Amino acid sequence: MSFENLGLEPKLLSALVKAGFSAPTSVQEASIPKALEGHDLMVSAQTGSGKTAAFMLPALNHIARAPANKGRGVQVLVLTPTRELAMQVADATKSYGAHIPDLRTAVVVGGMPYGAQLKALSRRVDVLVATPGRLIDHLQARRVNLSTVRTLVLDEADRMLDMGFIEDIETIVAATPSERQTLLFSATLDGTIARLARDMLKEPLRIEVSGHKQKHANITQSLLYADDAGHKLRLLDHLLRDTNLDQAIVFTSTKRGADDLANRLSDQGFSAASLHGDMNQRQRTRTLGLLQKRRLQVLVATDVAARGIDVQGISHAINYDLPMQPEDYTHRIGRTGRAGNSGLAFTLATHSERHKIRRIEHFIGQPIPANVIEGLEPTKTARPTYSDRKGKGKPRKSFDGPRGGFGGKPSYGRKNGESWGDKPRFEDRPGRSGKPRFEDEAGRSSKPRFDNKPSYDSRGDADRPARRFEDRVDGVARKGGHAERSYAHAGR
Ligand code: AMP
């Protein structure tokens, strides 16, 4: 399959050649023709799969076909959970739309000065990429008009819901025309996402290129058990001295942890820096720029700050602290193995954290192979977490390669009709029947409410009020993200 067969305008095809894309990825092949036909889509695709082009190319196709659009207003609106992702989507838009004359893209995100955004919004905007919180501010001040939106994209919709953006999204969607096309991209399409889609999409086609349980085939994952913090540091030092290492991203659970570790690594001679929500945007942009220019070898980051980072030189993703939520594991390791490269993902854990490993393994549907590094073996024997529960394989004493014993697909968590194969699946959603039920435990509210708790215990039906995460993520107006703060409370 080539891009020519997908029905895209020549102006886009020539830009793709310039970008060096020779063939569409699976998610692009599955989504682009259906989006061009005008369907609403709900798409589950892994991070790094080329999902941005999957929604942006069909969205730009309308603009490319009708060049006389000056003064029409915002035609494409993309909502993203974080600033970094918004910036990347805007960069990708400029690249894919490079041959559309005078295409104007604006970015409206929290934590940035209003000046440049006000200026951008005072001019014609064709493509607007925004985080929900800041867009609401502009919307309420009537600085932006969304009545001309033709394509609405909800990118990483699951993450936006986790961050408590549901009410903002509802307000924004209500400001767009009902005849718009809506493209929803999300790591999962279950539960709250399905309910959101029911409310905001019209008979969407459901596309699952690969479920989260079969992702990251190009990333080799390893689990390294450590006895204590000192042992973890020695393991990290060993991993970072791998001669095959190009660039590494190391994840910590707290902002202070990221700073401390980056300082320590710098003292040890690594070219290292931290990235987290307490840094202002200029610092973050500068750090990401250094990473992109390969002037930084090791980035120590928190989950929120690292979300969406797309740097092809990242050969190693290292979980120095475990993620709060199992799905963050997927996002973390997805920072390596970008654009078809292979990548290595290491997870450092103490034995007392085995239950967290088990949750991650159940989420990804496979064991993370436990390994040991010669001379840095843990004193305790690692017991398998995932495979012994499945009754496959006996515990081994130590491992110097990926552990065997994992055969078939896991059976839990699999929904009827859920596809894990690589083959895209289209499924006509049954027509809307009645109002979706969004009730709290007391059945009081008809609106969905989401909290920030890890999804493996209670996503969705919690009765805590939704929170605006953007300001917390930015760490400018209010300090500290919930996830990061929770760890601090736990004394970490
Ligand atoms: P995304 O999933 O949209 O973040 O894309 C991940 C990376 O894949 C980005 O660096 C894109 O530039 C790259 N990419 C997207 N589509 C293609 C393609 N068809 N061929 C090669 N690289 C691609």
Task: Accessible area of segment 258-330 belonging to carbon and sulfur atoms, whole % at 1.4 Å probe - done: 40
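Based on alpha-carbon atoms only, what is the radius of gyration of segment 3-210 relative to the globular estimate 2.2 N^0.38 Å?
Working: Rg = 15.7 Å, N = 208, 2.2 N^0.38 = 16.7 Å.
The reported ratio for this selection is 0.94.
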Open item on the list: Using a 1.4 Å probe on the protein heavy atoms only, what accessible surface does residue 1 show? Give it in Å² to the nearest 10.
Closed with: 120
- [ ] Please compute the Cα-Cα pair-distance distribution of segment 214-385 with 10 Å bins starting at 0, giving whole percents from short to long.
- [x] 10, 42, 37, 10, 0
Open item on the list: Bins of 10 Å, beginning at zero and ending with the bin holding the largest distance: percent of Cα pairs per bin for segment 1-64, please.
Closed with: 23, 61, 17
- [ ] Give me the distance between the Cα centres of segment 284-320 and segment 102-179, rounded to whole Å.
- [x] 26
- [ ] Relative to the compact-globule scaling 2.2 N^0.38 Å, provide the ratio for the alpha-carbon radius of gyration of segment 203-262.
- [x] 1.64
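The values are calculated or read from the model by the stated rules, or taken from the named source; none is laboratory data. Being a predicted model, the structure only gives us computed values, none of them experimental. Surface accessibility is based on the protein's heavy atoms, side chains included, excluding ligands, DNA and RNA. Shrake-Rupley method; radii C 1.70, N 1.55, O 1.52, S 1.80 Å.
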